[in-house]
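One structure is given here, and the rest of the page talks about it.
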Amino acid sequence: MANVFSAAEIIDMGIAKEKKRRDFYGYAADKFKEKDMKDLFSKLRDWEDEHVKKFTDIRKSTETYEVQESYQGEFAAYMKFVVDDMQYTQISAEWFAGNVKEPLAAIQYGIGFEKDAILFFSELLKYMMGPNKEKIEELIGEEKKHLIYLSELKVKYIK
């Protein structure tokens, strides 16, 4: 028989990732003196904070919802890999201050975070039902907007 995992635990992983993205953007907003960069990363920080709130609401409605695996350990191992990305473990205020010196580098990290969010939410979507599925789809759409926004900004900085 397949092992069963709690959707609430999985959503907790999503909340942790949203908080990491929020904190990264907060570091970037504090780091850069240019008004455009400060405003950009402040806006992204605020967007991710909204996602934390939305994900927290989704989690409240999944207390008894369980995810079925096709084989023992499948879902936990995969979602652990998706969450335990080096990009998330290396980002701290100290690391950021020492390694991200230019706006383009911060934008590139942001692009990586947004791609990661889209992947994570898309995988989570497969296991959601009803109104929670619609909320996850909405979050994916928002992350895509962030990705486009950062990608367009990257082009501007490369020129």
task = Tell me which residues, restricted to region 112-135, are among the basic types (Lys, Arg) and without any contact (Cβ under 8 Å) to a residue 12 or more places away in the chain.
result = 126, 133
inquiry  = For region 11-36, give me each residue that is among the charged types (D, E, K, R) and either farther than 30 Å from residue 128 by Cα or free of Cβ contacts under 8 Å to residues at least 60 places away in the same chain (or both).
reply    = 12, 19, 22, 30, 31, 33, 34, 35, 36
note = Restricting region 95-105 to residues that are modelled with pLDDT under 85 and of a type in the set (A, V, I, L, M, F, W, C), the one farthest from residue 33 (Cα to Cα) turns out to be 95
task = Scan 20, 38, 31 and give me the residue that is more than 19 Å from residue 154 (Cα to Cα), out of contact with any strand residue (DSSP E or B) (no Cβ under 9 Å at 6 or more places or on another chain) and basic (Lys, Arg).
result = 20
query = Hey, any hits in region 64-74 for a residue that's of a type in the set (A, V, I, L, M, F, W, C) and modelled with pLDDT under 80?
reply = yes
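The values are calculated or read from the model by the stated rules, or taken from the named source; none is laboratory data. What you see is a predicted model; the values in this text were computed from it and never measured. Don't worry about glycine lacking a Cβ; one is built from the backbone with ideal geometry, like all the others, and counts go over all protein chains shown.
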